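Reading through the structure tokens given below for one structure.
The values are calculated or read from the model by the stated rules, or taken from the named source; none is laboratory data. Just so you know, these numbers come straight off a predicted model, no measurement behind them. Positions of Cβ are backbone-derived with ideal geometry, glycine not excepted, and every protein chain shown enters the neighbour counts.
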Amino acid sequence: MPLYDYRCPQGHRFEKLASIAAGDRQDCPACGQASGKVPSRISLGGQANPGLAREQMPQTWRGTYEGNPEYLGQLRRQWEARRKLEEKHEELRGDQRPVLAHEGHYHVAPLRAGDPLPAPATSAAPANSATPATPAKSATPAASLTSAVPAMPAAPAPATPAPGQKCRPGSA
């Protein structure tokens, strides 16, 4: 006997084993009213797999088996399927910021654009120094990488001769 889904006029939903010859009407176990068949939910076997995320894809030449063409083709197909899935489902996208460092200290958690910089290792301050050995913390907790780069001094403006005057080579 197949399992059918039913719904009564009161809105109660239930499943019931019924023979094919039993008809389309069954009594609701909650209220006793005659209930009609409704389309059943789809049940798929197996497990959904979105594929590897960008962070899980091989990042090095050795990770691609020295550029094995068959493996690279498989990776391209997987990445294209993952990209299409991420277009439909934003929650699968993950962190899209560019990775600035991923080796050494950043092997487990890569440094991304916009992440706060780690405190640099400082040497001990001289004994006669009145300043502390640790640098002062930034007022903003998420100091970006671009704010840590010192600004370059502006280049001096080129000297322009007065109208009617010629510039001599070697003169500034």
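Of note:
- Failed condition for residue 116, given (1) over 29 Å from residue 50 (Cα atoms); (2) assigned to a helix (DSSP H, G or I); (3) at pLDDT 85 or above: (2)
- Residue among 77, 54, 62, 97 that alone is among the basic types (Lys, Arg) and at pLDDT 90 or above: 77
- Residue match in the stretch 13-25 (condition: touching a helix residue (DSSP H, G or I) at 6+ places or on another chain (Cβ under 9 Å) and either under 30 Å from residue 100 (Cα atoms) or acidic (Asp, Glu) (or both)): no
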